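The values are calculated or read from the model by the stated rules, or taken from the named source; none is laboratory data. Since this is a predicted model, take the numbers as computed values, not measurements. Every residue, glycine among them, receives a Cβ derived from its backbone with ideal geometry; neighbour counts consider all protein chains shown.
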């Protein structure tokens, strides 16, 4: 996890909040560093994490997590991390190996065309995060990287939004846990389905972290801009959302944040 980002969010693994829906968005840049941050944050916090990883392999996330001081392999062995490797599951499903090996339907069963909804994926999440009698974890967390892949695989925006709705009811409301999802888009107006899903989820989010590429193009000392939007609760209608804007630079094991135009390289 990145200490500076924790400070900006007033967050600590010693006192993780509960019942929050966190939306990560990126435009013209790669916001995956935010996914790595929250994965390591909640594992350090002692939470039970269900990670629906649709974009990269387990080894990729594991290598990055090691740099941040977290072992995903150990977390899996201890039962703290439930990892769905989406790329592998897709291949197994297409070649008919998934069900033969496990005997159960694939969480990505919609790819087979037998069903257009994401009920199997929701059932996987619910089963993974429903606490057993021996669990001693702090609270359940669903992490999805990223929802845009589900759309690319053929899921409809309505199916994706329904999936997130049922996950919010189960994880955030019933189990008092947290959800973190990433919605990616290459350009501002390229993909209408991504925009629809991202904008719809924005209205239901407690916190939005939106990473954007610089309008001026590549810069070796400033990798992008992040907008932190802390939403007001429905009980406080009339109040304004808190919006903070920072620029950032990604390093090997850290990310530094600074006010726009105040990069050390510029000063």
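Here are the criteria: (1) surrounded by fewer than 22 Cβ atoms within 10 Å (Cβ to Cβ); (2) closer than 22 Å to residue 175 by Cβ; (3) without any contact (Cβ under 8 Å) to a residue 40 or more places away in the chain. Tell me which single one residue 7 does not satisfy.
The one condition residue 7 does not meet is (2).
When you check residue 124 against the structure, is it crowded, with 17+ Cβ neighbours inside 10 Å, more than 22 Å from residue 39 (Cβ to Cβ) and either touching a helix residue (DSSP H, G or I) at 6+ places or on another chain (Cβ under 8 Å) or in the same structural domain as residue 174 (by TED's automatic domain parsing) (or both), yes or no?
Criteria not met by residue 124.
Looking only at segment 134-163, count how many residues are at pLDDT 95 or above and assigned to a loop (DSSP other than H, G, I, E, B).
0
Return the total of residues in segment 16-50 being more than 14 Å from the chain's Cα centre (by Cα) and outside any loop (DSSP other than H, G, I, E, B).
The qualifying residues number 3.
In segment 52-79, which residues are crowded, with 20+ Cβ neighbours inside 10 Å and not in a helix (DSSP H, G or I)?
The answer is 52, 53, 54, 70.
Looking at segment 187-203 only, could you name the residues that are in contact with a strand residue (DSSP E or B) (Cβ under 9 Å, 6 or more places away or on another chain), over 17 Å from residue 35 (Cβ atoms) and either touching a residue at least 40 places away in the same chain (Cβ under 8 Å) or buried (at least 19 other Cβ atoms within 10 Å of the Cβ) (or both)?
Once the filter is applied, which keeps residues that are in contact with a strand residue (DSSP E or B) (Cβ under 9 Å, 6 or more places away or on another chain), over 17 Å from residue 35 (Cβ atoms) and either touching a residue at least 40 places away in the same chain (Cβ under 8 Å) or buried (at least 19 other Cβ atoms within 10 Å of the Cβ) (or both), segment 187-203 yields 187, 188, 191, 202.
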